Amino acid sequence: MFTATGLSRSALRTLAKPSLALNQRALARSFSSSHVARADSVVNSLDVFTEEEQMLRESVQRFATEVVGPRVREMDEKESMDPSIIKGLFEQGLMGIETSSAHGGAECSFTSAIIAVEELAKIDPSVSVACDVHNTLVNTIFRTYGSDFQKDKYLPQLSESKLGCFCLSEPASGSDAFALQTRARKEGDHWIISGSKMWITNSYEAEIFLVFANVDPSKGYKGITCFIVEKEMGVEIAKKEQKLGIRASSTCTVNFDDVKVPAENLIGGEGLGYKIAINILNEGRIGIAAQMLGLAQGAFDKAVPYTFQRKQFGQAIGTFQGMQFQIAKAAVDIEAARLLTYNAARRKEEGKSFTQEAAMAKYFASQVAMSVAGSAIEWAGGVGFTRETGIEKYWRDSKIGAIYEGTSNIQLQTIAKQIQKQYS
């Protein structure tokens, strides 16, 4: 079932179906869903995954280690994603994880997507976020809000070869996303889109763009509408940002100069773009939490072994009590971030409310990522400060976690609002 570097797409599809040969009591979760299964009235831990999810994790680990790993430093220094990595993500079936097999996807669980994001981030958070945005934002919008025509046309492309991106932020609308100035006007059987988007992940390589524009500014945010725009329709990729971290992940300004889009490419309904954005970003925040979780674990995994190899004062530095306590605290923080992240993911799958849990997971995981990555540099001393080990890259990459898909302050505000609803 495995390819040379990972799990084949056909294998993933097979695993997505129930297996009658397995003893259901021995399974922690059923294959047909990711809901918590109960065997003899015992509730399972958040460390229990389906066989499908376990196999996916192992597959992504191999792909990340064998294919992505050797290219990480070069991509970071060139500030560019190796095209073979993007191609590999598609070939491994990692760009349509939740998408149905009828549309070329793997038809796996949301938690499977989170697992993939986490495992990729352990090796390179840049590759992880490319996979994350494509799966948890772009694909989910098509699956949830797309018409049958839109699904049939675009989901196979997004599963097999074409990278997608999510175009919401603008120069004057970051955290205040609904202050966007991009406009769309109707002309016959087309919409004409004019405006600019900034800080758009995947935009340099993307071929399919989900663009939020206001069709009736008099209605305020209720005029915001989402459109499917293909690059060949006239999308202009402008300034490519030079960033502190996740350098291989493209972040560009995207211009729309009277881009003509067929009326059939309006997705989710006129004036409903704001609802789409709110709902999808709640889900996307779990993806970013997974990215930060994987990043923290990756930094930990690189730095801790060094502390038992490096000797000072006649003993390994990792055996000094001061170091042991720092390492132990980091391990606790990573585990707490993991539980918050997977709890939010399972709640989403189970159809429960997860807005607060997603915000908590993203907020905490991003804090842990910065803390652990920073400590990892210190644990390795001067070696950790050099680029050779790759440890310092984790710290640079960690800073974005507190910024994109809602800053840490926005997460705290979201959590506070949920608490106020509960207690007021």
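The values are calculated or read from the model by the stated rules, or taken from the named source; none is laboratory data. Here the structure is a predicted model, which means the values were calculated and not measured. Neighbour counts run over all protein chains shown; Cβ positions are idealised from the backbone, glycine included. Only protein heavy atoms, including side chains, enter the accessible area calculation; ligands, DNA and RNA are left aside. Shrake-Rupley method; radii C 1.70, N 1.55, O 1.52, S 1.80 Å.
Just a few scattered comments:
- Note that region 167-270, at 20 °C in a medium of 1.002 mPa s, gets a Stokes-Einstein diffusion coefficient of 155 µm²/s from its Kirkwood radius over C-alpha pairs.
- Size of charge dipole - the chain - debye, nearest 20, with Cβ of Lys, Arg +1 and Asp, Glu -1, no other charges: 800 debye
- Each Lys and Arg adds +1 at its Cβ and each Asp and Glu adds -1 at its Cβ; summed about the Cα centre, region 285-395 shows a dipole of about 140 debye.
- Rounded percent of accessible protein surface that carbon and sulfur make up, region 274-423, 1.4 Å probe: 57 percent
- In the chain, excluding the sites themselves, the longest stretch lacking any of the trypsin sites (Lys or Arg not before Pro) that are in a DSSP loop with at most 15 other Cβ atoms within 10 Å is 1-309.
- Taking all protein chains into account, the per residue accessible area for region 200-261 stands at 39 Å² (1.4 Å probe).
- For region 228-291, Kirkwood radius (reciprocal of mean inverse C-alpha pair distance, Å): 14.6 Å
- Tilt relative to the chain, helix 51-63 - C-alpha long axis, 0 to 90 degrees, to 10: 80 degrees
- Taken over region 51-162, the percentage of Cα pairs per 10 Å bin, counting from 0 up to the bin with the maximum distance, is 15, 49, 28, 8, 0.
- Under conditions of 10 °C and 1.306 mPa s, region 379-424 yields 121 µm² s⁻¹ as its translational diffusion coefficient, taking Rh as the Kirkwood radius over Cα pairs in the Stokes-Einstein equation.
- Total formal charge among the other residues, if their Cβ is under 12 angstrom from that of LEU340, Lys/Arg +1 and Asp/Glu -1: +2
- Overall form of region 232-367 per C-alpha gyration tensor (a/c, 1.5; a/b vs b/c): oblate
- Among beta bridges from DSSP that stay inside region 171-330, the antiparallel ones total about 95%.
- Most to least accessible of MET75, MET360 (protein chains only, probe 1.4 Å): MET360, MET75
- Principal-axis tilt of helix 148-160 within the chain, Cα atoms, nearest 10 degrees: 40 degrees
- The residues of region 51-162 have, on average, 31 Å² of accessible surface per residue, using a 1.4 Å probe with all protein chains present.
- 0 to 90° range, to nearest 10: angle between helix 273-309 axis and the chain longest Cα axis: 20 degrees
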